[in-house]
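In what follows, a single structure is set out as C-alpha cells and then discussed.
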Amino acid sequence: MPARHRQLYARILVLTRPYWGRLTLAVFFGLLFGGSLFGLLAAGKSGLNQAFGGRVTGMQESAKAWIEQTWGDGSATATWLMLLMLGILVLMVILRGLSFFFSKYLIEWVAQRVVMILRNRLFDKILHLPLLYFTGSRTGELMSRTLNDTQLIEKSITEVICDLVQQPFVLIGAAASLVMTDLKLAAIALVVFPVCILPAALFGRRVRRHSRAGQERIADLSSIQQEAIGGAAIVKAFGMEQRELDRFSKANDDFFRRQVKIIASKSAVNPLMEFFAAVAACLLLVYANHNHLELSDVVMFIVAMVAMYDPAKKLSRVHLVIQQSSAAAERVFAILDTESTVRNLPDARELPRDLPIDEVRFRDITFCYASGQPNVLDGIELSAHAGQLIAFVGGSGAGKTTLVNLLPRFFDPSAGAVLLDGVDIRAYTLESLRRRIGLVSQDTFLFNDTVAANIAYADPSATRDQIETAAKLAHAHGFIMAMPQGYDTVIAERGVLLSGGQRQRIAIARALLRNPAILILDEATSALDTESERAVQAALEDAMVGRTVFAIAHRLSTIQRADQILVLDKGKIVERGTHDDLLARNGLYRHLYEIQFK
C-alpha cells in the first residue's frame with residue numbers, strides 16, 4: 001500500500017483515540033470470537049469421533065474421566081459423553097455469537113461517533129472559511145464532501161477495524177485446528193494459503209482509481225442538482241428542463257460506468273479465491289486418501305479451511321476498503337487542512353457592543369484576489385464619520401462590493417488597513433467586529449422558517465418586543481401582521497412567498513436588530529419596482545439615523561442626499577463629492593447620471 005494511503009488512514013485512526021477504551025474492549029471480544037472457533041472445531045471433532053467411533057481425542061479422554069468420577073462407570077457414560085460434547089458445542093456457538101455482537105457493536109459505535117464528529121468539524125471548517133474560498137468552489141461539491149465522503153470514511157473505520165479486531169483471531173483459531181489435525185498437511189496448507197490473497201492486491205489499485213473518479217462524479221451530480229433546484233424559475237422560464245436533465249444524465253452515466261468498473265474489480269476477487277480454495281480441497285482429499293486419514297480429521301480439516309477462507313477474504317478486503325476510502329479521506333482532509341486567510345490574530349480583543357465608533361477609515365487600501373492577478377482595488381483612501389452616508393457608484397467590476405466587503409473582513413486587504421477610530425479592524429475578533437455591522441444586500445437570503453426567526457437570525461436571544469421594534473423601524477410590521485400567523489408565519493426557502501420589497505424590509509429588520517454602528521447597503525433597492533423601492537427607501541432612511549452607512553447604488557436617485565459620493569473606476573476612486581458637486585464637474589458621475597435619467 002502506498003505511503004500516502006497509510007498516512008491518510010493513520011489520520012482517520014487518530015480520530016478514534018478518545019474511544020480506545022471501547023476499542024480495547026472490542027479487541028477482547030474479538031479474541032473470544034476467534035477462540036470460540038477453536039473450541040467449536042475441537043468439540044465438533046470430538047463429537048464426530050464419539051458418534052462414528054473414530055480416534056479418541058484428548059478432550060474425550062478428559063470428559064470421560066470427569067463423567068466416570070462424577071457419576072461412576074456405567075453404560076450411560078457414552079451417552080453422557082455425547083451430551084457433554086453437544087453441550088460444549090452449543091456453548092461455543094453462544095459464546096461466538098455474543099462476542100461477535102459486542103465486538104461489532106462497539107466498533108460500529110466508535111465509527112459512527114467519529115464520523116459525526118468529522119462531519120461537524122468539516123461543516124465548522126466550511127462555515128469559517130473566508131468568502132474568497134467559495135468563489136472557486138461549488139456548493140454541490142462541498143455538500144458531497146460533507147455527506148458522501150464522510151460516509152465512505154465511516155465504512156473504512158467499521159469494516160477495517162472490525163475485520164482487524166475479529167478476523168486475525170479467527171484465522172489463528174482455524175490454523176491451530178489445522179495443526180492439531182495433521183501437522184504436515186497444515187504446514188503445506190498454511191504455506192499455500194496466502195496465494196488466495198493475491199487477487200486483492202492485483203485489483204486494489206484499479207478500485208482506488210475508479211473510486212476517486214466516482215466520488216468526483218457524485219460531487220458533479222450534487223452540484224448540478226443543487227443548481228437546477230435553486231434556479232428552478234430560470235430553468236422553467238427558458239425551457240431548459242431537458243438540458244439540465246441531459247447534464248445530470250451524462251454525469252450520472254459516467255458515475256454508473258465508474259461504479260460498474262469498481263464492482264467488476266471487487267467481484268473478481270471472490271471467484272478467484274474460491275477457485276484456489278476448491279483446488280486446495282481437491283488436493284486435501286487426495287492426501288487424505290493416500291494417508292488414510294479418519295473421517296473426522298478430513299471433515300474438520302475442511303471445516304477449518306473453510307473457516308480460514310472467510311477471515312482471509314475479509315482481511316484481503318481491508319486493502320481494497322482502504323484504497324477505496326483514501327480518495328474520500330483525501331478530499332475531506334483537503335478542506336480541513338485549508339488555511340483560512342481571514343482569522344483572529346493571536347492577540348485579537350473584543351470590540352465592545354456599546355463602544356461608539358466615530359470614524360471609519362480606509363487607509364491606502366490595495367486588494368487582489370490572488371498573487372499575480374491585477375489589483376481589484378488600488379490606493380483607496382476615504383474617511384467616514386458617525387451619522388454619515390457614504391455612497392459608492394461606478395460601473396460593473398469597479399470594485400464597489402469588494403471595498404465594502406473589507407469592513408466585515410470577508411476579505412483582508414493585500415496592503416493598507418481599515419481603521420475604526422484609528423485601530424486596525426484586525427485587532428478585534430471577527431465575531432465582535434461583525435456584531436457591530438449590519439448588512440443588507442440585493443440578493444436577500446431568507447430561511448425556510450418563521451418571520452420572527454428570520455429577523456432574530458441576527459440575534460437569537462432577542463425578545464419578541466425587540467423583533468417587532470426592528471420590524472417597525474424597517475417598515476415591515478404592517479405586512480407581517482397581515483400574514484396568516486403574523487410573526488409566526490413560515491415563509492418558504494429564500495422567502496419566495498414574499499414580494500421583493502417585503503423580503504428586503506425583513507432583511508433590513510434583521511440587520512437593525514443588532515443595532516449596528518455601521519450599516520452596509522449593497523444595492524439594496526436595485527432589483528425592486530418603484531412602489532417597493534419607495535417603501536424600502538423609507539425604511540432605509542429611518543434605519544440610517546445615527547449610523548455610519550456605506551451604500552452601493554446603481555439607482556443614483558437613492559443617494560442624492562449622501563454626505564459623500566465616491567465614484568470608482570477600475571479599482572480606483574476617480575471622483576468624490578456631493579451630488580451637486582459631481583454633476584458640476586461634468587465627469588464620470590455626470591455621465592452615469594445622464595445615461596440613467598435619459
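The values are calculated or read from the model by the stated rules, or taken from the named source; none is laboratory data. None of the values given here were measured: they were computed from a predicted structure. Heads up, the Cβs are rebuilt from the backbone with ideal geometry, glycines too, and the neighbour counts pull from every protein chain shown. Heads up: the accessible areas ignore ligands, DNA and RNA and are worked out on the full protein's heavy atoms, side chains in. Shrake-Rupley method; radii C 1.70, N 1.55, O 1.52, S 1.80 Å.
Take the Cβ atoms of Asp449 and Gln151, set R0 to 25 Å, and the FRET efficiency comes out at 0.35.
Hey, which of these cross-link pairs are over 20 Å Cα-Cα: Lys125/Lys155; Lys104/Lys155; Lys400/Lys572; Lys155/Lys314? The pairs that break the limit, which is 20 Å between Cα atoms, are Lys125/Lys155.
Once the C-beta distance of Asp364 and Glu330 is scaled by a Förster radius of 45 Å, the resulting FRET efficiency is 0.65 to the nearest 0.05. Modelled label positions at Asp254 and Glu541, each set 7 Å beyond Cα in the direction of Cβ, lie 5.4 nm from each other. Here the extension length gained between Leu91 and Val423 equals 111.9 nm, from 0.36 nm per residue of separation less the Cα-Cα distance. Asn344 to Ala268: FRET efficiency via 1/(1 + (r/R0)^6), r the Cβ-Cβ distance, R0 51 Å, to the nearest 0.05? Efficiency, from the Cβ-Cβ distance: 0.45. Take 435-445, 167-177, 373-383 and order them by the average number of nearby Cβ atoms within 10 Å per residue, most first; the result is 167-177, 435-445, 373-383. Ranked from largest to smallest solvent-accessible area, with a 1.4 Å probe on the protein heavy atoms, Trp109, Trp20 come out as Trp20, Trp109.
The order of the peptides 465-478, 414-427, 507-520 by mean Cβ neighbours within 10 Å, most packed first, is 507-520, 465-478, 414-427. Using a probe of 1.4 Å on the protein chains alone, the accessible area found for Cys282 is around 80 Å².
If I model a spin label at Met116 and Leu497 as a point 7 Å from the Cα along the Cα→Cβ vector, what separation in nanometres do I get? For Met116 paired with Leu497, the spin-label model returns 3.3 nm. Compared with the alpha-carbon gap, the fully stretched path from Val179 to Arg11 is longer by 56.6 nm at 0.36 nm per residue.
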